[in-house]
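Single-structure report; data block below.
The values are calculated or read from the model by the stated rules, or taken from the named source; none is laboratory data. Every value quoted in this text rests on a predicted model; they were computed, and no experiment measured them. For neighbour counting, all protein chains shown are included, and Cβ atoms are generated from backbone atoms with ideal geometry for every residue, glycine included.
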Amino acid sequence: MSLAHPLVECVPNFSEGRRPHVVEAIVAALEAGGGEGVRVLHVSSDRDHNRSVVTLVGAPEAVVGAMFAGIAKAAELINLDEHQGGHPRLGATDVVPFVPLRGVTLDECVALARRLGERVGRELGLPVYLYEAAATRPERQNLENIRRGQYEKLKDEITQPKREPDFGPRRVGPAGAVIIGARAFLVAYNIFLNTADAGVAEQIAQAVRHSSGGLRFVKAMGLLVAGQAQVSMNLTDFTQTPVARVVEFVRREAARYGAAITRSELVGMIPQAALVEAAQWYLQLDQLESDQILENRLQADEADEAEAAPARTGLTPDFLDHLAAGTAAPGGGAAAAYAAAMGAALVSMVARLTLVKKKYAAVEAQMQSVLDRAERLRAGLTQAADDDAAAFEAVMAARQLPKATPAEQTARAEAIEQGYLHATEVPLRVARDAVATMSLAAIVAESGNVNAISDAGSAGFLAQAGLRGAALNVRANAEELNDRAIADTWLKELAGLEARANDALAAIDRLLREGS
């Protein structure tokens with residue numbers, strides 16, 4: 001998994017913390033579902049909460065695949081009718097948040113959440129609720145509102161309009177429902193007190209949480225964990241409400257009840273910036289600069305060296321050799337993605353050549369926006385080349401599955417259908433990004449550095465080549481789908497993309513003629 005690619009974090013919470021073999025099976029499913037595009041960074045299980053939190057990062061589409069596999073495995077192994085624990089829950093896979101890390105926007109994470117939710121509802125038959133930034137109703141932005149009454153109450157209320165799921169059936173089985181969404185980075189942070197009185201912890205939680213008048217961006221509840229009172233918190237924006245401020249608030253509140261903090265714990269992971277901020281506060285390092293931290297300075301120097309070094313990407317003789325080899329993958333789909341990626345790279349080049357010239361100060365903000373968008377497109381298209389080859393290989397592997405018995409035939413047919421769904425979705429994503437690149441090429445051709453207008457034109461034509469190659473793959477693979485509804489939807493979208501591309505191309509042609 002190259003660090004040049006866009007990265008999404010996902011922190012699924014599973015309603016199991018007492019059976020290690022079940023947690024291990026779910027983690028294995030996550031890793032298998034995401035393949036090389038996903039890395040599991042951390043697993044935290046709590047017996048009292050009877051809950052496990054997994055942190056994984058990876059390429060956006062790979063994370064979606066990993067989560068689908070993990071949700072399916074959890075639904076198979078966890079029965080909420082037999083589940084008891086200290087933490088509120090609605091499903092075997094209780095909550096699945098997508099978090100943008102690098103080269104991905106929150107809106108793009110919303111799209112990932114909704115795509116996963118639709119697939120989980122359709123293929124696994126589980127009710128799905130969307131929350132936070134992905135919510136379809138204002139009252140569902142807050143996770144607590146969706147989870148109120150937990151699994152037991154949802155069984156009675158799911159047929160009511162107010163509890164209707166966003167995707168999936170209006171019925172609840174033993175795997176419960178899944179809550180899927182998109183949000184900014186969250187710090188899950190628990191503080192333990194030197195008392196066994198859970199009431200003290202709940203009083204402190206009530207004081208600190210925002211919903212009852214406490215600190216902004218803090219959610220909290222009081223629990224008894226292993227005989228010790230715990231204030232369990234989610235800090236939803238540590239940049240606005242720092243961790244140190246929360247700790248000191250809890251410390252003062254605890255003193256009111258004759259209690260004290262004995263220790264604290266993280267559930268999952270925390271950004272370095274949050275720890276640096278806490279150290280800065282407690283050590284009173286008011287003038288601390290980021291580059292005074294040794295690791296930050298080393299990383300910055302390494303990044304500078306990498307930028308100064310000759311670029312080595314997939315667009316090398318090695319890639320061309322692989323393309324020319326007598327193997328089916330990489331093939332036209334990967335080449336189409338790389339062609340569009342080259343177009344996005346040229347857009348970035350023209351934008352940068354414009355930003356360094358004072359005479360273009362009036363379009364500086366526009367060029368910076370174009371540059372940011374072009375770099376996201378370039379990263380996504382580069383990843384799509386690998387995804388396209390992997391999707392084709394998955395289809396071939398599915399076709400090699402045994403088919404001697406009816407059960408094997410059914411499994412093989414389902415695997416082939418899933419393979420072709422992914423093999424159609426990847427080039428459709430390339431088509432979307434190629435058209436977006438053409439639109440940016442038209443912008444830099446019109447407003448960018450006039451000395452680079454031919455580069456802007458080349459960007460548009462390369463993106464057009466990517467679109468046309470991707471379209472061939474979309475149509476070929478869509479023909480193999482049994483799900484004609486989704487095939488027809490995607491083909492209709494493709495036709496719309498091609499119409500938009502024609503408009504962009506016409507604009508580029510006009511600008512090139514005017515500039516020549």
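Numbers for the structure displayed
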quantity	calculated
Hits in segment 199-213 (condition: of a type in the set (Gly, Ala, Ser) and buried (at least 20 other Cβ atoms within 10 Å of the Cβ))	Ala201, Ala205
Filter result (assigned to a helix (DSSP H, G or I), within 35 Å of the chain's Cα centre (by Cα) and surrounded by 16 or more Cβ atoms within 10 Å (Cβ to Cβ)) within segment 250-275	Val250, Ala274
Matching option when the condition is more than 18 Å from the chain's Cα centre (by Cα), closer than 29 Å to Ala384 by Cβ and not assigned by TED's automatic domain parsing to the domain that holds Asp372, among Ala28, Ala113, Ala69	Ala28
Count - residues of segment 20-50 that are at pLDDT 95 or above and among the basic types (Lys, Arg)	0
Residue in segment 313-324 that is surrounded by fewer than 17 Cβ atoms within 10 Å (Cβ to Cβ), in contact with a Ser or Thr (Cβ under 9 Å, 6 or more places away or on another chain), of a type in the set (A, V, I, L, M) and modelled with pLDDT under 90 present	yes
Output for segment 226-249, where each listed residue is closer than 22 Å to Asp48 by Cβ and buried (at least 20 other Cβ atoms within 10 Å of the Cβ)	Ala229, Gln230, Val231, Ser232, Met233, Leu235, Val246
Only listed residue being without any contact (Cβ under 8 Å) to a residue 24 or more places away in the chain and in a helix (DSSP H, G or I), chosen from Arg429, Arg475	Arg475
Filter pass, Ala32 being part of a helix (DSSP H, G or I) and over 30 Å from Gly380 (Cβ atoms)	no
Residue within segment 16-35 that is more than 20 Å from His422 (Cβ to Cβ) and touching a His at 6+ places or on another chain (Cβ under 9 Å) present	yes
So Glu16, is it in a loop (DSSP other than H, G, I, E, B), of a type in the set (D, E, K, R) and surrounded by 18 or more Cβ atoms within 10 Å (Cβ to Cβ)	yes
Sole exception among (1) in contact (Cβ under 8 Å) with a residue 60 or more places away in the chain; (2) within 28 Å of Ala229 (Cβ to Cβ) for Ala59, by number	(2)
Filtered residues of segment 478-497 (kept if surrounded by 15 or more Cβ atoms within 10 Å (Cβ to Cβ) and in a helix (DSSP H, G or I))	Ala478, Ile486, Ala487, Trp490, Leu491, Leu494, Leu497
Qualifying residue in segment 143-160 (condition: out of contact with any Cys (no Cβ under 6 Å at 6 or more places or on another chain), within 23 Å of Glu61 (Cβ to Cβ) and in the same structural domain as Pro12 (by TED's automatic domain parsing))	no
Selection from segment 153-185 of residues that are surrounded by fewer than 20 Cβ atoms within 10 Å (Cβ to Cβ), under 24 Å from Ala220 (Cβ atoms) and touching a strand residue (DSSP E or B) at 6+ places or on another chain (Cβ under 9 Å)	Ala184
Any hit, segment 218-232, residues being farther than 20 Å from Arg47 by Cα and either touching a helix residue (DSSP H, G or I) at 6+ places or on another chain (Cβ under 6 Å) or modelled with pLDDT of 95 or more (or both)	yes
Single match in Asn50, Asn13 (criterion: within 22 Å of Asn234 (Cβ to Cβ) and touching an Asp or Glu at 6+ places or on another chain (Cβ under 6 Å))	Asn13
Unmet requirement for Asn13, which otherwise passes all of (1) of a type in the set (S, T, N, Q); (2) touching a helix residue (DSSP H, G or I) at 6+ places or on another chain (Cβ under 7 Å); (3) closer than 21 Å to Leu124 by Cα	(2)
Qualifying positions in segment 19-49 - surrounded by fewer than 17 Cβ atoms within 10 Å (Cβ to Cβ), over 17 Å from Ala69 (Cβ atoms) and among the charged types (D, E, K, R)	Arg19, Arg47
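Matching residues to (1) of a type in the set (Val, Ile, Thr); (2) within 18 Å of Val104 (Cβ to Cβ):
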{"position": "Ala362", "(1), (2)": "no, no"}
{"position": "Ser369", "(1), (2)": "no, yes"}
{"position": "Asp372", "(1), (2)": "no, yes"}
{"position": "Glu408", "(1), (2)": "no, no"}
{"position": "Ala415", "(1), (2)": "no, no"}
{"position": "Val426", "(1), (2)": "yes, yes"}
{"position": "Leu440", "(1), (2)": "no, yes"}
{"position": "Ala470", "(1), (2)": "no, no"}
